[in-house]
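The block underneath contains the structure these notes are about, expressed in structure tokens.
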């Protein structure tokens, strides 16, 4: 299951509508190993196409350096479909190279960049296998808990 906070969900939808009729693309980063989608990073579709998206290679290199500096990873990789349903195409499946990521597709085919709902769906794509998953939108992500420190009190019977 993918859990997104309302502002991230709204940001992805706004990006998809703003870039329509071209496909929008981006990621949502989170702390390594946590599956917490915390930081929306809108990217430019270097293909500038209504039927295909492509991250600019220089932008992608900068992004991965930034993620590394912040100890983050791409938790969500998203893009929009402007004329078809929110389901991964053969090209999308072939390009899915982050097995731990959630792949979000937003279809703007019904309303374009006008007011109105979009189709918003999430998938796991591993070794060409596509599995749809539920998306839950919450007001805010739950607070993180840090592991117990070595100076914690521990079990009272151990004292």
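Run down 35, 71 and say which single residue is surrounded by fewer than 13 Cβ atoms within 10 Å (Cβ to Cβ) and closer than 29 Å to residue 143 by Cβ.
Working: 35 fails: surrounded by fewer than 13 Cβ atoms within 10 Å (Cβ to Cβ).
Sole residue among the options that is surrounded by fewer than 13 Cβ atoms within 10 Å (Cβ to Cβ) and closer than 29 Å to residue 143 by Cβ: 71.
Residue 127 - would you say it is over 18 Å from the mean Cα position of the chain (by Cα) and either exposed (fewer than 13 other Cβ atoms within 10 Å of the Cβ) or at pLDDT 95 or above (or both)?
On the way: over 18 Å from the mean Cα position of the chain (by Cα): yes; either exposed (fewer than 13 other Cβ atoms within 10 Å of the Cβ) or at pLDDT 95 or above (or both): yes.
Yes.
Please identify the pairs in which a residue from the stretch 112-130 that is at positive phi and without any contact (Cβ under 8 Å) to a residue 60 or more places away in the chain has its Cβ atom under 9 Å from the Cβ atom of a residue that is in a loop (DSSP other than H, G, I, E, B) and surrounded by fewer than 16 Cβ atoms within 10 Å (Cβ to Cβ), counting only partners at least 6 apart or on another chain.
If the second residue must be in a loop (DSSP other than H, G, I, E, B) and surrounded by fewer than 16 Cβ atoms within 10 Å (Cβ to Cβ), the pairs left are 116/110; 127/99.
Residue 86 - would you say it is free of Cβ contacts under 8 Å to residues at least 40 places away in the same chain and surrounded by 19 or more Cβ atoms within 10 Å (Cβ to Cβ)?
Taking the combined requirement at face value, the residue satisfies it.
The values are calculated or read from the model by the stated rules, or taken from the named source; none is laboratory data. Everything numeric in this text was worked out from a predicted model, so none of it was measured. All Cβ positions, glycine included, derive from the backbone under ideal geometry; neighbour counts span all protein chains shown.
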